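Only one structure is covered here, and it is reproduced in the block below.
Coordinate-derived values only; no laboratory data. For clarity, every value in this text was computed on a predicted model and none was experimentally measured. Cβ coordinates were reconstructed from backbone atoms using ideal geometry, including for glycine residues, and neighbour counts include every protein chain displayed.
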Amino acid sequence: MCAHKGFSVIDIFPLIKDKKHVIWDWNGTLLNDLTTVVKALEKMAQNLKIEPIDKHTYLKHFRFPVQEFYKDIGFPTSDEEFAALSEDFHANYAEAFHTAELFSDAQNLLESVKKMGSKQSILTAAFQKHIDQWLLDFEIDHLFDHVYGLPDKLAKCKVDRGRELIELAQVDLDHTVLLGDTTHDLEVGKSLGIDVILLTNGHQHEDRLKKVHHAIFQRA
C-alpha cells in the first residue's frame with residue numbers, strides 16, 4: 001500500500017528519541033484516512049437526508065466521544081440510533097478504505113523508533129479486530145509491542161485502555177510519549193500523566209489544536 005505526503009523523519013525524530021515508550025494514535029496520525037472518513041459520513045448524511053458533510057465541516061466539528069460529534073452535525077443520537085449508525089459508518093468506511101494510506105515516512109519513523117530499542121504501541125479508538133487487520137494489511141504489525149483498540153465500534157474514550165497499556169508496558173511515565181492528531185489525544189495523555197505531541201493534517205483543524213496545546217508538529 002502506498003504512502004501520502006506527511007511528516008519528516010529528521011524533523012520529528014529528535015522529539016521522541018529519548019523516550020522509552022512511544023505510543024501512537026492510528027487514524028489521522030499514522031494513517032491518512034480523512035478522505036475515507038468523509039466519504040463514509042457523506043453517504044450516511046445522504047441516506048438520512050440531512051446537510052451534506054464535507055472536509056471543512058468535519059475538521060471543524062469532529063470530536064470524541066463520536067456520539068456527541070454526530071449530534072453536532074445533525075445525526076440522530078439516541079443510543080439505539082447511534083449503535084445502528086456506527087455499523088453503517090464502518091460498512092461505508094470499509095467500502096472507501098482504498099482511499100486510505102500511510103503518511104509518507106511513517107514506516108521509516110516507526111522502524112527508527114524500533115531500532116533505538118524503545119517500546120512502541122498503538123492506542124486507538126478503532127475496533128480492536130479492525131486495527132489488528134489493518135496493521136497486517138500495511139505490513140507494519142511487527143513494529144509494535146502492544147496494540148490497544150476498543151472492544152466495540154462506538155469510538156468512545158481511550159483513557160481506560162490507555163491505563164491498561166501503561167500498566168502493561170511498565171515504562172516510567174516521564175519516558176513515555178503519546179503522538180496523536182486530536183484534542184482527545186491530549187486529554188488521554190493528560191489523564192495518563194505522559195507527554196503529548198499533536199500532529200497536524202489529521203482529523204481536527206490545526207487551529208483547534210493550537211488553542212489547547214503547545215507541542216504541535218506541523219506536517220507538510
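The dipole here belongs to the chain: it is taken about the Cα centre, uses +1 on the Cβ of Lys and Arg and -1 on the Cβ of Asp and Glu, and is about 480 debye.
Within the set (1) 51; (2) 46; (3) 40, the number that percent of Cα pairs over 24 Å apart takes when calculated for this structure is listed as (3). Take the alpha-carbon centre of the range 75-91, take the same for the range 102-149, and report the distance between them in whole Å. About 28 Å separates the Cα centre of the range 75-91 from the one of the range 102-149.
Restricting the trypsin sites (Lys or Arg not before Pro) of the range 11-87 to loop positions (DSSP other than H, G, I, E, B) with no more than 11 neighbouring Cβ atoms within 10 Å leaves K49. Is the C-alpha gyration tensor of the range 104-188 telling us rounded, prolate or oblate? Criteria: a/c under 1.5 is rounded; beyond that, a/b larger than b/c is prolate, otherwise oblate. It is oblate, given that a/c is not under 1.5 and a/b is not larger than b/c. Note on I50/Q128: beta-carbon distance plugged into 1/(1 + (r/R0)^6) with R0 of 25 Å gives a FRET efficiency of 0.25. Only Cα sites of the range 34-99 enter the Debye sum here, all with the same form factor; the resulting log10 I(q)/I(0) across q = 0.26, 0.27 1/Å is -1.31, -1.40, listed in q order. With 28 Å as the limit, the listed pairs K55/K158; K60/K156; K114/K211; K49/K158; K49/K129; K19/K210 have K114/K211; K49/K158; K49/K129 beyond it between alpha carbons.
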